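Asks: Starting off with a structure, shown below.
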């Protein structure tokens, strides 16, 4: 049934840095990186880089 399809699709989903797998309506997958501080299809890229030397107040 559709459950096994979802499971196999989700098994192929590999998000890094604790990204959350999302199954799209067309059967493809993507990663929800909103809570990780990373970006990219698999949350593999650091979303922001803090360089303390650039912060001047």
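Asks: Can you tell which of 4, 34, 30 is over 10 Å from the mean Cα position of the chain (by Cα) and modelled with pLDDT under 95?
Replies: Numbers: 34 fails: over 10 Å from the mean Cα position of the chain (by Cα); 30 fails: over 10 Å from the mean Cα position of the chain (by Cα).
4 is the lone residue from the list that is over 10 Å from the mean Cα position of the chain (by Cα) and modelled with pLDDT under 95.
Asks: Name the residues in the range 18-34 that are in a loop (DSSP other than H, G, I, E, B) and either touching a residue at least 40 places away in the same chain (Cβ under 8 Å) or loosely packed, with under 13 Cβ neighbours inside 10 Å (or both), would you? Break it down into steps so the answer makes sense when it comes.
Replies: Initially, the range 18-34 is screened for residues in a loop (DSSP other than H, G, I, E, B), giving 18-19, 24-28, 33-34.
Across the range 18-34, the qualifying residues are 18, 24, 25, 26, 27, 28, 34.
The values are calculated or read from the model by the stated rules, or taken from the named source; none is laboratory data. Everything numeric in this text was worked out from a predicted model, so none of it was measured. Cβ sites come from the backbone with ideal geometry, for glycine too, and all protein chains shown count toward neighbours.
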